[in-house]
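Peer 1: Sending over a structure as structure tokens; questions will come in a sec.
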Amino acid sequence: MQSPSNLALVPFVSVENMMRLVHTNGLDSMLTRIADTIEQDFLRWDQFDKTPRVASHSDVGVIELMPTSDGEMYGFKYVNGHPKNTAEGLQTVTAFGLLADVHSGYPVLLSEMTLLTALRTAAMSALAAKHLAPRGATTMAMIGNGAQSEFQCRAFQAICGITHVRLYDSDPAATQKCAANLAGSGLHITSCTTPEDAVQGAQIITTCTADKQNATVLTDNMVGAGVHINAIGGDCPGKTELHSDILHRSDIFVEYPPQTRVEGEIQALPEDHPVTELHNVFAGRTEGRKTDKQITLFDSVGFAIEDFSALRCILDAIQGTDFYIDLDMLADPDDPRDLYGMLNRAK
Ligand code: NAD
């Protein structure tokens with residue numbers, strides 16, 4: 001999109017432009033496009049530099065950097081997780097990210113990623129469920145009705161054909177908000193007052209709560225044979241959602257084991273507990289769901305390649321549009337070695 005002369009200008013996608021982009025393309029189409037790109041990138045797993053994200057913990061939350069590269073492009077996301085924030089009128093999760101050209105090291109995209117994280121997390125959940133959920137699943141329990149929840153429901157509708165969602169949140173106001181936002185989506189919505197009620201008749205259970213503790217959002221007796229669990233909210237050391245008995249009954253699927261062993265539900269299990277890497281399922285090297293009775297668990301924590309894929313989609317989607325502004329973010333002296341002279345001349 002840039003000629004060599006303006007490589008120093010970096011396209012920036014603001015929250016406002018991200019919203020315009022989603023509305024212009026349609027939410028379903030964006031979710032599907034991001035899911036397809038994540039799947040393509042997981043199919044070339046070996047081409048990527050992979051490392052667990054770098055986390056800086058405090059008593060109330062975490063700030064993380066998530067880098068990766070496929071040798072052509074480099075990307076990273078900055079993301080926080082502060083469950084106490086909503087009580088202060090702030091979001092639990094905010095993010096921004098960058099893509100750069102490996103050959104020059106110059107950034108080619110800077111983007112908001114708060115909305116984009118919600119889109120990519122939902123796309124990844126639905127992509128995993130496409131391979132793991134029982135065939136013909138129509139009903140999903142959605143436990144935790146905060147910022148991510150509607151995106152999760154819409155992705156399961158668009159990508160997995162879910163028609164019914166059963167909502168539960170420990171704060172009824174969150175459930176009311178989620179139900180109101182999903183009205184008109186075509187989904188049949190049931191608001192529930194207990195998590196036990198929410199899981200009734202659901203073939204898929206998504207847990208997406210925020211609490212900085214080892215919570216028990218699901219107990220063993222709530223999970224019947226054949227269910228697929230999409231566990232989103234347990235994504236930090238000491239922050240989990242499922243009773244460990246559920247883990248022992250489930251076949252567990254993960255993004256990148258070195259990160260999930262530290263951050264996911266499986267932090268409660270011994271280091272050698274078997275897990276399946278999702279890229280192997282997507283590539284057909286390993287089976288996903290094998291039987292109707294099997295409990296499958298996607299122990300989601302969010303991995304850097306998913307953000308890289310989402311940023312790739314955005315870079316592609318803004319071509320030929322005005323859904324970005326150019327940022328004067330890199331110094332561009334006439335003589336590349338005369339940075340000091342450039343400063344002097346600007347006096
Ligand atoms: P949010 O704060 O907007 O919403 C969380 C909701 O959970 C709130 O409405 C809260 O009332 C509810 N809740 C808390 N404890 C509960 C419980 N025991 N039972 C039922 N509901 C409960 O947060 P969000 O942005 O929607 O994120 C949700 C979680 O997902 C966070 O923990 C976040 O870190 C995680 N997350 C994971 C990924 C990933 O890739 N795996 C990506 C984004 C966010």
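Peer 1: Given the stretch 94-166, what strands (runs of 3 or more DSSP E) lie entirely inside it while holding 2 or more residues that are touching a His at 6+ places or on another chain (Cβ under 8 Å)?
Peer 2: 139-143
Residue by residue, here is whether (1) among the basic types (Lys, Arg); (2) under 24 Å from Ser309 (Cβ atoms); (3) touching a residue at least 12 places away in the same chain (Cβ under 8 Å) holds:
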site: Leu132; (1), (2), (3): no, yes, yes
site: Ala155; (1), (2), (3): no, yes, yes
site: Ser170; (1), (2), (3): no, no, yes
site: Ala173; (1), (2), (3): no, no, no
site: Ala183; (1), (2), (3): no, no, no
site: Gln200; (1), (2), (3): no, no, yes
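Peer 1: Quick one: count up the residues across the stretch 193-219 that are farther than 20 Å from Cys153 by Cβ and among the hydroxyl-bearing types (Ser, Thr, Tyr).
Peer 2: Residues in the stretch 193-219 being farther than 20 Å from Cys153 by Cβ and among the hydroxyl-bearing types (Ser, Thr, Tyr): 2 in total.
Peer 1: Within the stretch 181-212, restricting attention to residues that are polar (S, T, N, Q) and in a loop (DSSP other than H, G, I, E, B), which residue is nearest to the ligand (Cβ to nearest atom)?
Peer 2: So the residue we want is Thr209.
Peer 1: Okay, next question. Being within 9 Å of the ligand (Cβ to nearest atom) and not in a loop (DSSP other than H, G, I, E, B) is the filter here, so list the residues in the stretch 213-235 that pass it.
Peer 2: Within the stretch 213-235, Ala215, Thr216, Val217, Ala231 meet the criteria.
Peer 1: Given the conditions (1) of a type in the set (Gly, Ala, Ser); (2) crowded, with 17+ Cβ neighbours inside 10 Å; (3) closer than 21 Å to Glu263 by Cβ; (4) more than 17 Å from the chain's Cα centre (by Cα), which single one is not true for Ala100?
Peer 2: For Ala100, the failing item is (3).
Peer 1: All but one of (1) touching a Pro at 6+ places or on another chain (Cβ under 9 Å); (2) more than 10 Å from the ligand (Cβ to nearest atom) hold for Ser170, so report the exception by its number.
Peer 2: Tallying (1) touching a Pro at 6+ places or on another chain (Cβ under 9 Å); (2) more than 10 Å from the ligand (Cβ to nearest atom), Ser170 fails exactly one: (2).
Peer 1: I'd like to check something: does the stretch 286-293 contain any residue that is closer than 25 Å to Thr114 by Cα and touching a residue at least 24 places away in the same chain (Cβ under 8 Å)?
Peer 2: no
Peer 1: Mind listing whichever residues of the stretch 117-147 are within 30 Å of Thr286 (Cβ to Cβ), within 11 Å of the ligand (Cβ to nearest atom) and not small (Gly, Ala, Ser)?
Peer 2: Residues satisfying the conditions are Thr117, Leu119, Arg120, Thr121, Met124, Met142, Ile143.
Peer 1: Then there is this: Which ones in the stretch 67-89 are more than 10 Å from the ligand (Cβ to nearest atom), assigned to a loop (DSSP other than H, G, I, E, B) and of a type outside the set (Gly, Ala, Ser)?
Peer 2: Within the stretch 67-89, Asp70, Glu72 qualify.
Taken together, the values in this text are just the output of simple stated rules run on the coordinates, not laboratory data. Computed from a predicted structure; not experimentally measured. Virtual Cβ from ideal backbone geometry, glycine too; neighbours counted across all protein chains shown.
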